[in-house]
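Q: Pasting in a structure now, in structure tokens, and then I'll have a few things to ask.
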Amino acid sequence: MSEDASILLHDEVFVHESRAREFEAFVGAHRERAVGLAWKLLGGDGSTAEDVAQEAFVRAHRALGRFRGEAKMSTWFHRILVNEVRRQRRWRFVRLRRSAPFDEDIADVHEAPTFDPALRRRVGDALASLSQGQREAFVLVHLEGFPVDEAAAIMGRASGTLKSHLHRARLALRARLRDLDPNQEAAPR
């Protein structure tokens, strides 16, 4: 082996090991938030959220060579995570449809334990009633604290589209949870 080939091989090994260490640090820094985001997007299913986050990290690691650096690495990863949540939801819905009686309410899948189960169920049902885009936008911006532009990049949407989803989500949640606002007079029904 020539000296140039040896140097090139050494450089490739160094870059590979360096990227592996960086990715390991990235996982350590973002794991908890990834599981939390998956948990919120999946409606409080903790074990599935762990699995989805793990699968998203695996997919990100495999795709690391295709990361172009046009966005922050965390934005790129969260996009992978949201896509994995969508994939999981599709499969869960298909499995439920195949195994559940037709009159069973599939929205019950979105329930999560809380200190006040009745309130949690109301809020969970209200979130579950939103369209997928509205729910993802609301969770990313209001529950996870992503800036609108970054949440739009994660969802693969334009900022204006995300803002529209947010506006509609707020209106729908406000209407469904109106009676929980102590400052709001009860509207006649």
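Q: Report ³J(HN,Hα) in whole Hz for each residue of the stretch 130-140, in order, from the Karplus equation J = 6.51 cos²θ - 1.76 cosθ + 1.60 where θ = phi - 60°; Gly and Pro get x.
A: Once rounded to whole Hz, the list reads 6, 5, 4, x, 5, 5, 4, 4, 4, 5, 4.
Q: ³J(HN,Hα) across the stretch 27-41 via Karplus (A = 6.51, B = -1.76, C = 1.60, θ = phi - 60°), whole Hz, x for Gly/Pro?
A: 4, x, 6, 10, 4, 4, 5, 5, 5, x, 5, 4, 4, 5, 5
Q: Let me ask something else about it. Calculate the spin-label point distance for residue 23 paired with residue 176, positioning each point 7 Å from the Cα along the beta-carbon direction, and give it in nanometres.
A: 3.8 nm
Q: Fully extended, how many nm does the chain gain between residue 83 and residue 118 (0.36 nm per residue separation, minus their Cα-Cα distance)? Intermediate results must be reported in sequence, preceding the final value.
A: Values: separation 35, 0.36 × 35 = 12.60 nm, distance 3.03 nm.
Here the answer is 9.6 nm.
Q: Right, here's the next one. Obtain the nm distance between the two label points defined at residue 168 and residue 51 by a simple spin-label model: each point lies 7 Å from its Cα along the Cα-to-C-beta direction.
A: Output for this residue pair reads 3.0 nm.
Q: Going by C-beta contacts inside 10 Å, put 80, 154 in order with the fewest on the left.
A: If I rank by nearby Cβ atoms, fewest first, I get 80, 154.
Q: Moving on. So if the hydrodynamic radius of the stretch 113-189 is defined as the Kirkwood radius over C-alpha pairs, what does Stokes-Einstein give as its diffusion coefficient at 20 °C and 1.002 mPa s, in µm² per second?
A: Working: Rh = 13.4 Å.
Taking Rh from Cα pairs, D becomes 160 µm²/s.
Q: I've got another one for you. R0 = 30 Å: FRET efficiency of residue 158 with residue 64, Cβ-based, nearest 0.05?
A: On the way: r = 27 Å, r/R0 = 0.89.
Step by step, r from the Cβ atoms, then E = 0.65.
Q: How far is the Cα center of the stretch 26-42 from the Cα center of the stretch 130-189, in Å?
A: The stretch 26-42 and the stretch 130-189 have Cα centres spaced 20 Å from each other.
Values quoted throughout were computed directly from the atomic coordinates according to the rules given, and no laboratory measurement underlies them. This is a predicted model, so every value here is computed, not measured. Cβ sites come from the backbone with ideal geometry, for glycine too, and all protein chains shown count toward neighbours.
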